[in-house]
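The values are calculated or read from the model by the stated rules, or taken from the named source; none is laboratory data. For clarity, every value in this text was computed on a predicted model and none was experimentally measured. Cβ atoms come from the backbone with ideal geometry, glycine included; neighbour counts cover every protein chain shown. Each accessible area value is taken on the protein alone, full model and side chains, heavy atoms only, with ligands, DNA and RNA left out. Shrake-Rupley method; radii C 1.70, N 1.55, O 1.52, S 1.80 Å.
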Amino acid sequence: MLEIKYVRQNLFEVRQMLENRNDSADLNAFEQADEKRREILAGLEALRHERNVVSDEIAGMKKNGDDATNRIIQMREVSAQIKSLEAEIAEFDEKTKDVLIRIPNMPHKSVPVGKDENDNPVLYEVGTPAEFDFTPQAHWTIGEKLGILDFERAAKIAGARFPLYLGAGALLERALINFMLQAHTTEHGYTEVLPPFMVNRNSMTNTGQLPKFEEDLFKLENRDYFLIPTAEVPVTNIHQQEILDEARLPVKYVAYTPCFRSEAGSYGKDTRGLIRQHQFNKVELVKFSHPDTSYDELEALLADAESILKKLELPYRVILLCTGDLGFSAAKTYDIEVWMPAQNKYREISSCSNFETFQARRAGIRFKGKGMKKTDFVHTLNGSGLAVGRTVAALLENCQQPDGSVVIPKALRPFMGGKERITN
RNA sequence: GGAGAGAUGGCCGAGCUGGCUGAAGGCGCUCGCCUGCUAAGCGAGUAAUUGGGGAAACCUGGUUCGAGGGUUCGAAUCCCUCUCUCUCCGCCA
């Protein structure tokens with residue numbers, strides 16, 4: 001959420017931002033309701049002041065045994081007025097909040113203006129896609145032939161867009177999770193957490209999934225719980241409504257969780273394979289940073305995520321999301337895209353973002369340090385480190401052999417019980 | 001599922017026969033004093049949020065004692081609803 005004062009005083013900039021993001025938040029409704037609200041508030045506060053003063057007077061009179069009946073009668077009227085003004089102001093309050101909570105974050109100055117994903121600049125490429133002297137197979141073909149992925153049976157169990165890993169496939173998924181957690185905890189200084197996989201409405205609102213994107217989420221019936229679409233939600237909410245000690249910053253967490261997404265509106269996209277599933281595993285990095293250093297932290301976060309791909313020797317590139325492709329809550333986002341030989345293109349495998357104070361303001365996550373008179377909002381950041389299912393897909397495709405087997409990258413072998421290759 | 005207890009400031013914890021309590025006391029923290037160093041000791045200060053005035057120091061209004069509603073001139077304190085936590089019993093991993 002943007003600060004209400006900021007929106008009030010920078011209507012032009014906010015309007016421009018909405019245009020750059022192709023967003024339709026109703027600023028006019030905000031402007032009107034906000035003005036009306038402030039107008040009423042002035043009168044309301046004066047009346048409240050009167051009530052407070054006279055109530056004290058009445059207390060004094062009663063203490064002295066004086067008759068306070070007149071004042072009490074007079075205050076009855078004031079109280080009634082306060083009550084009606086409060087009802088009135090609540091209406092406009094709700095209207096302003098309703099718009100405010102649907103306004104996306106302001107992009108960082110370094111974010112290029114652009115219409116959609118085609119305008120995302122490629123920053124750099126790492127590694128060279130391997131040359132195959134045979135036609136590389138899609139990962140789902142490789143997986144099914146090796147008997148480690150079974151989408152048909154998964155569909156019987158749950159439906160389309162669910163994975164079923166078997167044997168070495170299940171082991172591979174688990175090994176990758178451990179491998180990533182190991183790297184981030186021991187080499188990059190993150191603290192491992194294992195959070196709830198369902199959260200309440202409030203937590204979803206804090207991180208920005210709600211109220212705008214409810215249709216993307218799985219919700220439990222008859223209970224106000226949602227399945228998490230990313231560990232960002234529970235982990236960022238660890239510190240909601242807290243005031244952190246400045247000396248503790250940055251606070252860094254890494255969490256493995258499954259992620260659940262309805263994928264509403266993506267019918268026909270990536271219908272085969274592990275790329276787009278209703279349920280997938282992800283290792284997520286989350287940081288609570290001092291505002292002054294949050295963009296350094298973003299670079300470091302990106303590097304932490306990249307390091308996994310480097311260790312796995314998978315070719316990838318890094319792109320910068322333009323305004324038209326930027327997520328609702330993010331001020332700046334780097335996507336890491338891994339090379340997929342069968343598709344002959346790069347596919348997103350990680351998304352690393354700085355949310356600045358957008359989520360912190362919604363969630364009430366602040367910090368205070370020595371010499372600070374007031375608290376300040378932290379900057380929250382997060383990034384996939386990495387999406388595990390997509391890593392499996394990339395690994396199967398990039399490491400496939402002419403005979404249909406898959407060679408396991410050296411760095412991963414200790415997590416696979418020493419296994420060097422997946423064969424039939 | 002049944003029966004109880006509770007939710008107060010960074011933390012612990014009073015208050016809860018309505019007004020002088022934005023909130024005692026302690027811990028922690030900050031500043032000063034003292035001490036050869038450390039520890040101890042002494043003194044002062046220390047909630048958040050939002051509006052107005054001021055260059056600033058600061059002055060000043062409103063709101064906030066889990067959330068929402070009600071009673072009242074006035075509520076942390078009384079009433080109702082909800083959420084969460086804890087204890088005991090039952091059941092179940």
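When the range A:178-233 is examined, which residues are found to be outside any helix (DSSP H, G or I), within 30 Å of A:L312 (Cβ to Cβ) and of a type in the set (D, E, K, R)?
A:E187, A:E192, listed by residue number.
With respect to A:T141, determine if the residue is in a loop (DSSP other than H, G, I, E, B) and hydroxyl-bearing (S, T, Y).
So A:T141 does not fit the description; no.
A:I319 versus (1) of a type outside the set (F, W, Y); (2) buried (at least 16 other Cβ atoms within 10 Å of the Cβ); (3) out of contact with any Pro (no Cβ under 8 Å at 6 or more places or on another chain): which is the lone unmet condition?
All conditions pass for A:I319, except number (3).
Tell me, which strands (runs of 3 or more DSSP E) lie completely within the range A:322-383 with 2 or more residues that are away from RNA strand B (no atom under 16 Å from the Cβ), crowded, with 24+ Cβ neighbours inside 10 Å and not polar (S, T, N, Q)?
A:332-340, A:345-356
Give just the number: which of (1) within 26 Å of A:G127 (Cβ to Cβ); (2) in a strand (DSSP E or B) does A:V286 not satisfy?
The single condition A:V286 does not satisfy is (1).
If you scan the range A:43-93, which residues turn out to be more than 10 Å from RNA strand B (Cβ to nearest atom), open to solvent by 70 Å² or more (accessible area, probe 1.4 Å) and either outside any helix (DSSP H, G or I) or in contact with a Lys or Arg (Cβ under 8 Å, 6 or more places away or on another chain) (or both)?
Scanning the range A:43-93 gives A:N64, A:D66, A:D67.
Working only within the range A:16-36, note down all residues that are open to solvent by 40 Å² or more (accessible area, probe 1.4 Å) and on the phi < 0 side of the Ramachandran plot.
A:Q16, A:E19, A:S24, A:D26, A:N28, A:E31, A:Q32, A:E35, A:K36
Sort out which residues of the range A:94-109 are open to solvent by less than 50 Å² (accessible area, probe 1.4 Å) and away from RNA strand B (no atom under 16 Å from the Cβ), and write them in order of number.
A:V99, A:I103, A:P104, A:N105, A:M106, A:P107, A:H108
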